[in-house]
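Q: Have a look at the structure that comes next, please.
The values are calculated or read from the model by the stated rules, or taken from the named source; none is laboratory data. It should be emphasised that the depicted structure is a prediction, and the values quoted were computed from it without experimental measurement. Counting neighbours? That spans all protein chains shown, and the Cβs are built from the backbone with ideal geometry, glycine included. Accessible surface areas use protein heavy atoms only, side chains included; no ligands, DNA or RNA. Shrake-Rupley method; radii C 1.70, N 1.55, O 1.52, S 1.80 Å.
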Amino acid sequence: TAPQPAAASAMVLCASSRWHYATADGDWQPFTLGVSRTLEAEYSLWTTGCDGHDGTAKVRTGAVEHTVDFAAMRRSTPGDLVAPGEVRREEVYLASDVACLQAELDVLRARLAELEPQG
């Protein structure tokens, strides 16, 4: 059966976030799951206005410590051991959530069509 649209107030989306870094050749590579979780926790503290959070996070990949600046969405290493570069945050939603949203959007489009003047 097709997913049924949820009431707008009842719809709660559960996204997981994955963090990536740009490589020197312009490719994007994922941080490890552990680093992604750490970045997401720090990002959440920063975006919710946690007192004293400076908008950066320090994470280690292998032997290299990176500083991620959330405002600039960039990473750097001490002494530029690794070339500085961009980072990005990707939100991934469950397919069932996306299907519910699509069904709800279809219902809203149908209601809008009913309200538009015929002519």
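Q: With point charges of +1 on the Cβ of Lys and Arg and -1 on the Cβ of Asp and Glu, referenced to the Cα centre of the chain, which listed residue (Ser96, Leu112, Gly34) lies farthest in the positive direction of the dipole?
A: Checking the options against the dipole of the chain, the answer is Gly34.
Q: Counting helices only, and only those DSSP H runs with n ≥ 4, report the 222 nm mean residue ellipticity of the chain as the sum of -39,500 (n - 2.57) divided by its residues, in deg cm²/dmol to the nearest 500.
A: Numbers: 2 runs with 36 residues, N = 119.
Mean residue ellipticity, 222 nm, calculated: -10000 deg cm²/dmol.
Q: Something else: Work out, in µm²/s and without decimals, the Stokes-Einstein translational diffusion coefficient of the chain at 4 °C, 1.567 mPa s, Rh from Kirkwood over C-alpha pairs.
A: Working: Rh = 17.3 Å.
Calculated translational D: 75 µm²/s.
Q: Hey, another quick one. Taking a 1.4 Å probe, which of Arg60, Arg89, Arg75 shows the most accessible area, and what order do the others take after it? Walk me through the numbers on the way to the answer.
A: Numbers: Arg60 135, Arg89 75, Arg75 15 Å².
From most accessible down to least: Arg60, Arg89, Arg75.
Q: Of all accessible surface on the chain at a 1.4 Å probe, what whole percent is carbon and sulfur? Present the calculation step by step, with values, prior to reporting the outcome.
A: Working: 4470 of 8120 Å².
The C+S portion of the solvent-accessible surface of the chain is 55 percent.
Q: Is any residue of the range 55-94 close enough, with backbone N under 13 Å, to a label point placed 7 angstrom from the Cα of Trp28 along the Cα-Cβ axis, and if so, which?
A: So the set is 86-92.
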